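Below: one structure, written as C-alpha cells.
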Amino acid sequence: MSATVFTIANQKGGVGKTTTAINLSYAMAEQGIRTLLVDLDPQANATSGLGLEKSEGGSLYGPLCGEGSALEKVQPVGASDCLFVIPSEVDMAAIEIELVQRDNYLIQLRECLQPLRESGDFDAIILDCPPALGMLSMNSLAAADYLLIALQCEYLAMEGLGQILKVVEKLREAGVNDGLELGGILMTMFDQRTNLAHQVVGEVRNHFDELVFRNMIPRSIRLSEAPSFGQSIFEYDPHSSGANAYRYLADEIIQRFTLGAS
C-alpha cells in the first residue's frame with residue numbers, strides 16, 4: 001500500500017506551518033504511523049527543529065537533479081521506530097532556479113518521491129514547504145494527495161487562503177495533479193481570550209465547514225521555544241497545551257485519512 005502524501009503549504013510566513021510539520025509528524029509517529037517528514041525549505045527550520053544538523057548532500061537537491069535516490073536521504077529521528085526525515089540545506093535554494101529549466105518542471109518532485117511512496121516503508125509523507133508559492137511549493141502541490149493549510153487566527157491570514165486555493169484549482173484544471181484535494185484547514189495561534197480569534201474561526205468554519213479541523217493549535221510560548229532547543233513539543237514540554245493540541249490533531253488526521261489501516 002503506497003504512502004499518503006500531505007503537503008503543508010501557505011505562502012504567508014509565521015503561521016505555524018513548520019511547527020505543525022514537526023509536531024504533527026512526531027505525534028503521528030508516536031501513535032505507530034510510519035511517518036516521513038521531507039524538509040523542502042532552504043532555511044531548513046524543520047531540520048534544525050528536530051535537532052538535526054544541516055549537512056552537505058543530505059537534502060533532496062541531488063535526487064531532484066537526477067543524482068541518486070530519495071531513499072538514500074532518509075534518516076531516522078531519535079529513538080522512534082516510526083519517525084524519519086529527509087533534511088534540507090542551503091542547496092535547496094538553487095533548485096528553485098534549476099527546476100524551471102526542466103521539461104515537466106512541475107512534476108519533478110512527484111517523480112523523485114515515487115520510490116518512497118511505493119517502498120512500503122511509510123504510511124504518511126509530510127512535505128514542509130517554503131513560505132512562498134514558488135517552484136518548490138508548486139512541486140509539492142503537484143506531488144501531494146492532500147493539502148493541509150495552516151491558517152493563523154487573524155483576518156490578514158485569510159486573504160492568502162483564497163490565493164492558494166486558486167492555485168490548487170489551476171493545478172487540477174491543467175491536469176498537473178487532478179487528484180489533489182484540500183485535506184483540511186488547521187487554525188493556529190488561537191487565543192481564546194480574544195473576540196477576533198473566535199470571529200476568524202467562525203468565519204472560516206462557515207465557509208469550509210467540516211474541512212476545518214476540530215482541534216485548534218493555541219498560541220503558546222512553549223511551542224515557539226521548542227525548535228530553538230532542537231526538540232519537538234513532545235520532548236520539550238510533553239504536558240503542555242501545545243503538545244495536547246497536536247496529539248488531538250494527529251488523532252483526527254489518522255481517523256480522517258484512515259492512516260495505518262491495513
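Among the residues of the stretch 244-262, write down those that are hydrophobic (A, V, I, L, M, F, W, C), part of a helix (DSSP H, G or I) and either in contact (Cβ under 8 Å) with a residue 60 or more places away in the chain or loosely packed, with under 15 Cβ neighbours inside 10 Å (or both).
Of everything in the stretch 244-262, those that are hydrophobic (A, V, I, L, M, F, W, C), part of a helix (DSSP H, G or I) and either in contact (Cβ under 8 Å) with a residue 60 or more places away in the chain or loosely packed, with under 15 Cβ neighbours inside 10 Å (or both) turn out to be 249, 250, 253, 254.
Would you be able to tell me the number of residues in the stretch 145-167 that are of a type in the set (A, V, I, L, M) and crowded, with 23+ Cβ neighbours inside 10 Å?
Count: 5.
Under the condition of being hydroxyl-bearing (Ser, Thr, Tyr) and more than 27 Å from residue 200 (Cα to Cα), which residue from the stretch 215-234 is surrounded by the most Cβ atoms within 10 Å (Cβ to Cβ)?
Here the residue is 232.
Name the helices (runs of 4 or more DSSP H) wholly within the stretch 146-231 that hold at least 3 residues that are in contact (Cβ under 8 Å) with a residue 12 or more places away in the chain, within 30 Å of residue 106 (Cβ to Cβ) and within 19 Å of the chain's Cα centre (by Cα)?
155-173
Looking for whichever is of a type in the set (Phe, Trp, Tyr) and modelled with pLDDT of 90 or more here; the options are 213, 190. Which one fits?
None of the other options fit; the residue is 213.
Scan the stretch 80-139 for residues that are hydroxyl-bearing (Ser, Thr, Tyr) and either within 20 Å of residue 66 (Cβ to Cβ) or in contact with an Asp or Glu (Cβ under 8 Å, 6 or more places away or on another chain) (or both) and jot them down.
80, 88, 105, 119
Looking only at the stretch 102-116, decide whether some residue is among the basic types (Lys, Arg), touching a helix residue (DSSP H, G or I) at 6+ places or on another chain (Cβ under 9 Å) and within 20 Å of residue 167 (Cβ to Cβ).
yes
Given the options 117, 110, name the one that is closer than 15 Å to residue 61 by Cα, in contact (Cβ under 8 Å) with a residue 40 or more places away in the chain and charged (D, E, K, R).
Step by step, each of 117, 110 is checked, and only 110 is closer than 15 Å to residue 61 by Cα, in contact (Cβ under 8 Å) with a residue 40 or more places away in the chain and charged (D, E, K, R).
The values are calculated or read from the model by the stated rules, or taken from the named source; none is laboratory data. The shown structure was predicted, so the numbers you read here are calculated from the model rather than taken from an experiment. Note: ideal-geometry Cβ built from the backbone for every residue, glycine included; neighbour counts use all protein chains shown.
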